1. Kindly state, to the nearest 0.05, the FRET efficiency for Val13 paired with Gln34, given R0 = 30 Å and r defined as their beta-carbon distance.
2. How large is the dipole of the chain about the Cα centre if only Lys and Arg carry +1 and Asp and Glu carry -1, each at its Cβ, rounded to the nearest 20 debye?
3. So, for the chain, what is the accessible surface per residue at a probe of 1.4 Å, expressed in square angstrom?
4. Dividing the Cα convex hull volume of the chain by residue count, how many Å³ per residue is that?
5. What's the carbon and sulfur percent of the range 12-87's accessible surface, probe 1.4 angstrom, rounded to a whole number?
6. Using Cα springs under 10 Å in a Gaussian network model of the chain, which residue among Glu77, Glu54, Glu105 shows the largest mean-square fluctuation?
7. So between Leu59 and Met6, what do we pick up on full extension, going 0.36 nm a residue minus the alpha carbon distance?
8. Hey, rough spin-label estimate for Leu101 and Thr48, points 7 angstrom out along Cα→Cβ, what's it come to in nanometres?
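The values are calculated or read from the model by the stated rules, or taken from the named source; none is laboratory data. Everything numeric here is computed off the predicted structure, so don't read it as measured data. Cβ placement follows ideal geometry from the backbone for every residue including glycine, while neighbour counts extend to all protein chains displayed. Please note that ligands, DNA and RNA were not included when accessible areas were found on the heavy atoms of the full protein model with its side chains. Shrake-Rupley method; radii C 1.70, N 1.55, O 1.52, S 1.80 Å.
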Amino acid sequence: FLVVKMASKLIQVQSKACEASKFVAKHGTSYYRQLLEKNKQYIQEPATVEKCQELSKQLLYTRLASIPGRYETFWKELDYAKNLWKNRADLKVEDAGIAALFGLECFAWYCAGEITGRGFTFTGYYP
């Protein structure tokens, strides 16, 4: 029963994907032009290879420079979580529910990643 239900859902998803593909084929160019026009202040002219390489390096080093701040934020959040655990007797049911939902969401994303990594199969990896 579950397999039949999943198969019917897959067919529905395939038809929706086909509709979306047709929509993008029909309206994609105009959307692309609107998007570029709306965000033209971010476009670097002239778009040369050198300019793209410069921007790529700027992005890389900007992200590298942000690591210490993110590292510090990580430890602050970890200390906050430790403090919550120490005072777990003061936790409300709502806070525990939110934490449980967050854990469930993390597990769901993990499962989705595993399925994607297996080539969208549920039974195992391809040889």
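1. 0.60
2. On the way: 18 positive and 13 negative charges, 79 e Å.
Computed charge dipole of the chain: roughly 380 debye.
3. Details: 12130 Å² over 127 residues.
With the other protein chains kept in place, the chain gives 96 Å² per residue.
4. So the per-residue hull volume is 284 Å³.
5. On the way: 4500 of 7390 Å².
Roughly 61 percent, rounded to a whole number.
6. Answer for the Gaussian network model of the chain: Glu105.
7. Computed gain between Leu59 and Met6 is 14.8 nm.
8. Going from the Leu101 label point to the Thr48 one covers 5.3 nm.
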